[in-house]
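The block underneath contains the structure these notes are about, expressed in C-alpha cells.
Values in this text are rule-based calculations from the coordinates and carry no lab data. In this text the structure is predicted, and so the values were computed from the model without any measurement. FYI the Cβ positions are ideal-geometry reconstructions off the backbone, even for glycines, and counts take in every protein chain you see.
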Amino acid sequence: MVGLATRFVALLFAIIMIIAIIVVKGTLGYINGFEFDFVLLVICISLMITGSNLFSIDSAVEKSNVN
C-alpha cells in the first residue's frame, strides 16, 4: 500500500509551495528566488494528476507476481 496517499500529500505540499512562493520568496523574483520552489510545485501538481502508480512499490510487486 505504499503510494496510498500520494495525491493527498502532493496537494498539501503544493499548498505549502504556493504559500512559500507568495509570502517568503515572491519579492525576489523567479531567478535566484523561487525557481526551486516552482519546480517542486510543478512536481507536486504532476503527482496530483498522475498519482504514483508508475513509481509505487505495489506496482513493482504486482509486475513480479504476474511472471
Report task. Assess whether Gly33 counts as being in contact with a helix residue (DSSP H, G or I) (Cβ under 9 Å, 6 or more places away or on another chain) and either touching a residue at least 60 places away in the same chain (Cβ under 8 Å) or exposed (fewer than 15 other Cβ atoms within 10 Å of the Cβ) (or both). Result -> no
Report summary line: Taking the range 16-30 and keeping residues of a type in the set (Val, Ile, Thr) and surrounded by 17 or more Cβ atoms within 10 Å (Cβ to Cβ) leaves Ile21
Requested in this report: Only residues that are surrounded by fewer than 12 Cβ atoms within 10 Å (Cβ to Cβ) and in a helix (DSSP H, G or I): list them for the range 1-11, please.
Outcome: Phe8
